[in-house]
Structure formats: C-alpha cells, structure tokens
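No lab work stands behind these numbers, since they all come straight from the coordinates. Just so we're clear, the structure is a prediction, and the values are computed from it rather than from any experiment. With ideal geometry, Cβ positions are generated from the backbone for all residues, glycine too; neighbour counts draw on all protein chains shown.
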Amino acid sequence: MSQKMKLIGSLTSPFVRKVRIVAAEKFIEYEFEVDVPWNEGTHVPDYNPLGKVPVWVMVECSPRRGVRLAPRRARCPPPAPSA
C-alpha cells in the first residue's frame, strides 16, 4: 500500500504557491485540486474546519479497495479518568 498526497487550494494563494514550490523542490508527487475557499459550494471546510488553504489530504491506494481518503480530522483519545 502506498501513500499519495492531494493538495487542495486556490491558484492565487501565496501559501499554496509556497507549498507547491517546496513539493517541486523535494520531488513530492501529489494531485492538485483547485478549490477557492471563499466561493459558494467550496469543499475546503470539509477538510479544514478553519476554511483556509492549503490543505493536504493523504490518499491511500490499494489495488483491492480502490482509492479512499484518509480520515478528515484527527481523533483525540478520550480523557483519562480522574482518580
């Protein structure tokens, strides 16, 4: 199973441009999806609750299961019981 990355952002964002430059310098392969966070119908808040770009999404590739997106938000462990 290999890990691939997907970059979501707008072409006009200086932060997205910086990430794309670093990815090119480091030879990191990724898929780029243009999604403008201030347009109606954007999917950026589905991946980043703050609604900001750039957003990196890890994509798992498995020949048996096809392609699926990794969990959108990290899950925190439950709090430890108090003594």
If we count every other residue with Cβ under 14 angstrom of E33's Cβ, Lys/Arg +1 and Asp/Glu -1, where does the sum land?
0
Additional length obtainable on full extension of the chain from W38 to F15, 0.36 nm per residue less Cα span
6.8 nm
Tell me, in nm to one decimal, what length is gained between E25 and M5 on full extension, where the rule is 0.36 nm per residue of separation less the Cα-Cα distance?
5.7 nm
Ranking of E25, E33 by count of other Cβ atoms within 10 Å, fewest first
E25, E33
